[in-house]
1. Quick check on my filter: what residues within the stretch 81-109 are assigned to a helix (DSSP H, G or I) and under 12 Å from residue 16 (Cα atoms)?
2. Quickly run through the stretch 74-112 and pick out the residues that are of a type outside the set (Lys, Arg), open to solvent by 40 Å² or more (accessible area, probe 1.4 Å), modelled with pLDDT under 90 and over 29 Å from residue 36 (Cα atoms).
3. Return the only residue of 19, 56, 50, 36 being modelled with pLDDT of 85 or more, surrounded by fewer than 16 Cβ atoms within 10 Å (Cβ to Cβ) and out of contact with any strand residue (DSSP E or B) (no Cβ under 7 Å at 6 or more places or on another chain).
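The values are calculated or read from the model by the stated rules, or taken from the named source; none is laboratory data. Quantities reported herein were computed from a predicted structural model and do not represent experimental measurements. So basically every Cβ, Gly included, is an ideal-geometry build from the backbone, and we count neighbours across all protein chains shown. When the accessible area is computed, the model is the full protein with side chains, heavy atoms only, and any ligands, DNA or RNA have been set aside. Shrake-Rupley method; radii C 1.70, N 1.55, O 1.52, S 1.80 Å.
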Amino acid sequence: MRPVSPSIDPLAHRATIDALDAQRAAYRRYARTLEAQRGTLTDGDPDRAASAVDEAARGFGELQAGAQKLAPALDHARQTASPDQLREIQQRVEELMHAAQSAEAAIHNLSSQLEVWRDAYGRQLAELGITPGEGSGGDDPPGADPTARPAPYGARGGGHAGLAAPRLLDRKA
């Protein structure tokens with residue numbers, strides 16, 4: 001005999017499916033927004049770059065909050081769902097993961113573009129005799145070793161070979 005377990009309440013099941021669909025749609029919107037922002041960064045405007053980074057960070061925070069809200073409902077649904085409901089939930093989770101991977105790719109693309117833009121901007125400043133992150137800005141914390149700063153822009157040996165994953169705009173630049 002097969003043990004009988006109560007299946008998830010149909011309303012709770014529908015709410016979980018709707019929450020999964022809403023989170024997937026949020027990931028898709030976020031990816032589209034990041035891709036649109038990449039197109040605005042070609043003019044070298046630092047204010048646009050800072051705005052793009054701020055919007056990307058804010059959107060990422062919203063996605064994270066949505067995923068955290070979804071987790072308890074998804075855990076409950078997985079524990080109490082019937083096999084058919086569980087298959088439907090799993091299908092929606094896979095669709096959500098695909099959308100999340102697309103958003104992650106958009107983040108990496110934007111980050112890479114910002115990194116290239118930042119390096120080019122830094123090289124321009126270096127050509128003018130201005131070293132980004134140095135000077136009277138007081139960016140170093142008290143007691144920091146001024147020799148521990150990263151290499152100047154353009155001193156990496158060209159390209160991005162050997163670099164860690166791209167990061168968002170360095171505000172010191």
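1. Once the filter is applied, which keeps residues that are assigned to a helix (DSSP H, G or I) and under 12 Å from residue 16 (Cα atoms), the stretch 81-109 yields 85, 86, 88, 89, 90, 92, 93.
2. 75, 76, 79, 83, 84, 86
3. Among 19, 56, 50, 36, only 36 is modelled with pLDDT of 85 or more, surrounded by fewer than 16 Cβ atoms within 10 Å (Cβ to Cβ) and out of contact with any strand residue (DSSP E or B) (no Cβ under 7 Å at 6 or more places or on another chain).
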